[in-house]
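J.: First, the structure itself, so that you have it in front of you.
The values are calculated or read from the model by the stated rules, or taken from the named source; none is laboratory data. Because the structure is predicted, anything quoted here is derived from the model rather than measured. We place every Cβ from the backbone using ideal geometry, glycine too, and count neighbours over all the protein chains shown.
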Amino acid sequence: MTGKIRAMLVLLALIAGLAAGGSAACLADDALTPAQKDAVNKLVHDYIIEHPEVLVEALKDFDSRQQAVSETARRQAVDDRQADLFNDPASPIAGNPKGSTTIVEFFDYRCHYCKGMAKDLSDLIDADHDIRFIYKEFPILGPPSEYAAKAALAAQLQNKYRAFHEALYAYKGQLANDIVLDVASKVGLDTAQLQKDMERPEIAAEIKRNYEIATALKINGTPGFVIGHSVIDGAMPIDKFKALIAQERKG
């Protein structure tokens with residue numbers, strides 16, 4: 001609650017207490033009689049009816065406080081999961097492996113919003129040679145998404161992760177298992193070997209670990225990003241994304 005609203009309510013309480021025969025001392029001790037409480041409630045009710053903007057201000061203040069608490073918790077989660085986030089050898093990396101700005105993306109190949117940002121992100125990775133981009137397969141949209149995620153991680157064993165990743169996003173239509181294998185074949189993957197590698201326990205373990213990290217960071221949808229120590233939800237225009245990177249670089 002802002003100081004302005006708090007002061008107003010205290011003043012209303014004081015007036016109501018005095019009007020009901022009380023004293024400033026008993027109000028300070030929070031010992032209102034039933035009559036005084038009724039008077040305070042009526043005054044507060046009447047004031048809010050006449051000044052509804054007070055409620056709007058209070059709700060905005062509450063949202064701001066909740067957001068600050070959430071951001072603090074998320075930053076702490078980033079610190080706690082640094083090894084899994086930034087240094088997991090199972091997570092594919094694009095861009096400059098030694099880049100000073102690390103970006104982590106949690107995504108799903110069937111997510112419309114992820115698909116909408118894919119080309120811009122790819123261009124950004126190629127244009128900005130100080131970005132280290134980490135992919136976190138986060139298939140939350142059902143079995144076809146999980147199949148695609150496993151195929152992508154298996155493609156990494158054939159050194160074609162990024163080509164396959166971008167080809168999956170470039171496909172126009174709904175992804176299904178046979179479509180995933182067809183896309184894999186078109187980017188030069190050995191699909192028989194790919195299907196064998198998809199069953200490797202370490203691939204399932206990587207996806208499970210990504211879910212655990214996303215839960216800790218309170219990432220509930222896709223795309224979700226970690227830029228430095230900040231967690232960002234949802235898709236956005238690439239100019240805004242670049243501004244967030246610039247902000248992170250300024251510290």
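J.: Taking the stated definitions as given, is TYR147 touching a His at 6+ places or on another chain (Cβ under 8 Å) and either hydroxyl-bearing (Ser, Thr, Tyr) or at pLDDT 95 or above (or both)?
T.: no
J.: Considering only residues that are in contact with a helix residue (DSSP H, G or I) (Cβ under 7 Å, 6 or more places away or on another chain) and touching a residue at least 40 places away in the same chain (Cβ under 8 Å), look in segment 167-196 and name the one that is farthest from LYS115 (Cα to Cα).
T.: The residue in question is LEU194.
J.: Another question, if that's okay. Under 8 Å between Cβ atoms, which residue pairs at least 6 apart in sequence (or on different chains) link something in segment 68-85 that is of a type in the set (A, V, I, L, M) with a partner that is part of a helix (DSSP H, G or I) and modelled with pLDDT under 85?
T.: Here the result reads none, with nothing in segment 68-85 linked to a residue that is part of a helix (DSSP H, G or I) and modelled with pLDDT under 85.
J.: If you don't mind, another one. Return the residue satisfying two criteria in turn: it lies in segment 149-161 and is buried (at least 16 other Cβ atoms within 10 Å of the Cβ) and out of contact with any helix residue (DSSP H, G or I) (no Cβ under 8 Å at 6 or more places or on another chain), and of such residues it is nearest to ASN87 (Cα to Cα).
T.: By that ranking, first place goes to GLN156.
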